[in-house]
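Bear in mind that the values in this text are calculations on the coordinates, not laboratory data. Quick caveat, the model's predicted, so the values are computed rather than measured. Here the Cβ is made from the backbone with ideal geometry for all residues, glycine too, and neighbour counts use every protein chain on show.
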Amino acid sequence: MNHVSIFVLNQDSAFEFYVNKLGFKVHTDAPMGPGMRWLTVCPPEQPDLEISLMAITDGMMFTKESAEQMRNLVKKGTFGFGVFQCNDIYATYEELKKKGVEFTKAPKKEFYGVEALFKDDSGNWFSLGQKK
Amino acid sequence: MTMEQYPKVYLYRRIVEAKLFIDSHYADNIDLDNIADEAYFSKFHFIRQFKKIYGKTPHQYLTVVRVEKAMQLLRTDLAVSDVCYSVGFESPSSFSGLFKRIVGLTPSAYLTQQQQIKSQILKTPLNFVPGCFADKNGWTKKSNFEEVI
């Protein structure tokens, strides 16, 4: 897989979160017309995996009603878009907390490994695990 | 008190503080011995714990942070010599050598490459967007992109 999408409420705020807090790299940041932007970021060790931070706007993909529904679902924290892993979950947890990332679960040993859960600035949640 | 008597969480917090200090003071003349002292470690323990967590010694990590900041500044079209001193390198030749070792290009070549990419993104942004996404967003219906922007 080389592209994956995460729906966000605001691309500027998402840029701040994924780039300046999580430390992801900007892959492409292209203006596509008034109010439209193609913004993709990559995890630091995966320069070929583009994560598209997709705005939820009414147009081709969403109607006005479905865009409003989607925004509400995102705000409620409905979606878990994926699992990230890191070299050291305790150090990553301490650093991200210090940078203001909201964790809904502190690192905890589960039968499958140590796991924490955090949310992005829009409300999407992610699992964070440690490489074995 | 010896290292082993501290709960592990405090150990992690001290290493993370040191790492964040390097992240925000990379442009300064950082004394890594001072950072070890601030973290209440012996220099040996500090380097060992830091490398265990981040895969690099503090010195190696500082170099990588400086080079990554340099890449960001070069993408804003700042001159290579200005970038060199802005990120804390003391000589353009050592900056250029370390930059090339880590990035694979000299700073000048990287600057030129990024300027070309920026120009291509502005002229033909659709070349950077998978067709399905462009189509779903209605971007492919606009035949002359320059009119839209």
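For residue B:78, list long-range residues whose amide hydrogen, built 1.01 Å from N in the peptide plane, is under 5 Å from its own amide hydrogen.
none
Which of the GluC sites (Glu not before Pro) found in region A:31-127 are in a DSSP loop and have at most 12 neighbouring Cβ atoms, other than their own, within 10 Å? Mind showing how you got there, number by number?
Numbers: sites: A:45, A:50, A:65, A:68, A:94, A:95, A:102, A:110, A:115; in loops: A:45.
Listed in order of number, the matching sites are A:45.
With a point put 7 Å past each Cα toward its Cβ, work out how far residue B:120 is from residue A:114 in nm, to one decimal.
4.2
Could you compute the FRET efficiency for residue A:106 and residue B:34, with r as their C-beta to C-beta distance and R0 at 25 Å, rounded to 0.05? Present the calculation step by step, with values, prior to reporting the outcome.
Numbers: r = 31 Å, r/R0 = 1.24.
After rounding to 0.05, the efficiency reads 0.20.
With point charges of +1 on the Cβ of Lys and Arg and -1 on the Cβ of Asp and Glu, referenced to the Cα centre of region A:3-130, which listed residue (A:129, A:59, A:42) lies farthest in the positive direction of the dipole?
Sorting the options by dipole projection puts first A:129.
May I ask you to list the trypsin sites (Lys or Arg not before Pro) in region A:27-129 that are in a DSSP loop and have at most 10 other Cβ atoms within 10 Å of their Cβ? Mind dumping the intermediate values first?
Numbers: sites: A:37, A:64, A:71, A:75, A:76, A:97, A:98, A:99, A:105, A:108, A:109, A:119; in loops: A:76, A:99.
Those that pass, being in a loop and sparsely packed, are A:76.
Treating only the Cβ atoms of Lys and Arg (+1) and Asp and Glu (-1) as charged, compute the dipole magnitude of region A:52-132 about its Cα centre; round to the nearest 20 debye. Don't skip to the end; give the middle numbers.
Working: 13 positive and 11 negative charges, 49 e Å.
With Lys and Arg at +1 and Asp and Glu at -1, about 240 debye.
Among A:120, B:37, rank each residue by its count of other Cβ atoms within 10 Å, from fewest to most, as a rough exposure measure. If you can, show how the numbers build up before the last one.
Working: A:120 24, B:37 13.
Neighbour counts put them in this order, fewest first: B:37, A:120.
Tell me, in nm to one decimal, what length is gained between residue B:79 and residue B:57 on full extension, where the rule is 0.36 nm per residue of separation less the Cα-Cα distance? Don't skip to the end; give the middle numbers.
Working: separation 22, 0.36 × 22 = 7.92 nm, distance 2.95 nm.
Additional length available on full extension: 5.0 nm.
Report, to the nearest 10°, how far helix A:64-75 tilts away from the longest principal axis of the Cα atoms in chain A, using its own Cα long axis and a range of 0 to 90°.
Here the helix axis deviates by roughly 20 degrees.
Can you give the angle from 0 to 90° between the axis of helix B:43-54 and the longest principal axis of chain B, with both taken from C-alpha atoms, to the nearest 10?
Here the helix axis deviates by roughly 30 degrees.
Can you give the helix-only mean residue ellipticity at 222 nm for chain B, where every DSSP H stretch with n ≥ 4 adds -39500 (n - 2.57) and the sum goes over all residues, rounded to the nearest 500 deg cm²/dmol? Intermediate values should be presented prior to the final figure.
Numbers: 9 runs with 100 residues, N = 149.
After summing the helix terms and dividing by the residues of chain B, the value is -20500 deg cm²/dmol.
If the limit is 28 Å between Cα atoms, which of A:105/B:136; A:25/A:64; A:76/B:8; B:8/B:56; A:21/B:136 go over it? Write down the numbers at each step before the final one.
On the way: A:105/B:136 36 Å; A:25/A:64 32 Å; A:76/B:8 34 Å; B:8/B:56 20 Å; A:21/B:136 30 Å.
Beyond 28 Å: A:105/B:136; A:25/A:64; A:76/B:8; A:21/B:136.
Could you tell me the extents of chain A's C-alpha atoms along the three principal axes, largest first, rounded to whole Å?
That gives 44, 29, 28 Å along the principal axes, largest extent first.
Based on the Cα atoms of the protein assembly as shown, what semi-axes does the equivalent ellipsoid have, where each is the square root of 5 times one gyration tensor eigenvalue, given in whole Å with the largest first? Let's see the in-between values first.
Working: eigenvalues 265, 156, 35 Å².
Over the Cα atoms of the protein assembly as shown, the semi-axes work out to 36, 28, 13 Å.
To the nearest 20 Debye, how big is the dipole of chain B about its Cα centre, given +1 on the beta carbon of each Lys and Arg and -1 on that of each Asp and Glu? Display every interim value, and only then the final one.
Values: 19 positive and 15 negative charges, 131 e Å.
That gives chain B a dipole magnitude of about 620 debye.
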